[in-house]
Amino acid sequence: DEDCEGPADDSEFPESQWKLHGTAQGGSVEVTIEGVTVVLVTTFGESASEVIANLAGAIRNDPTLAALGTTATSLGSLAAIFGEVTQFKVNDPGLSLGLLLPALSAGGLALLTALLAGTAFSIMRRRR
């Protein structure tokens, strides 16, 4: 089992992005969004892209999530979820989660850039 906490971002961008790798051997993928758990049963031989597409469809078709304005989309084996994800769990031995960073707004990206530049400057000053 792989279990991961999802990041949150209140911008117009997806709140989180999730990537799967591998080929399903049979099991499930669970995601909890806005307190609603969506469970997708995986079938032997499904590609990571097929699983992600099916999961995004299940999220879009959930009436409770739809009423909350939560949605999801897929691009290959990447899912972009527009809603607060508190859990993403893979219960299929053939699939694994890939590492992705949360989507950043323009302000968040500027802050990250400034922090990294400041850190690099500080390290360079110490080496003199």
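Where a number appears in this text, it was derived from the coordinates with a stated rule and is not lab data. Only a predicted model underlies this, so the values are computations on that prediction, with no experimental measurement involved. A quick note on method: Cβ atoms are made from the backbone with ideal geometry, for glycine too, and the neighbour counts reach across all protein chains shown.
Here are the numbers:
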quantity	calculated
Highest to lowest packing among 39-45, 72-78, 119-125, scored as the average C-beta count within 10 Å	72-78, 39-45, 119-125
Mean Cβ count within 10 Å, highest first, over the residues of peptides 31-37, 64-70, 79-85, 16-22	79-85, 16-22, 31-37, 64-70
Gyration tensor (alpha-carbon) shape descriptor, the stretch 20-111, a/c threshold 1.5	oblate
Evaluated over the stretch 40-84, the Cα radius of gyration and Dmax, each in Å	10.8, 33
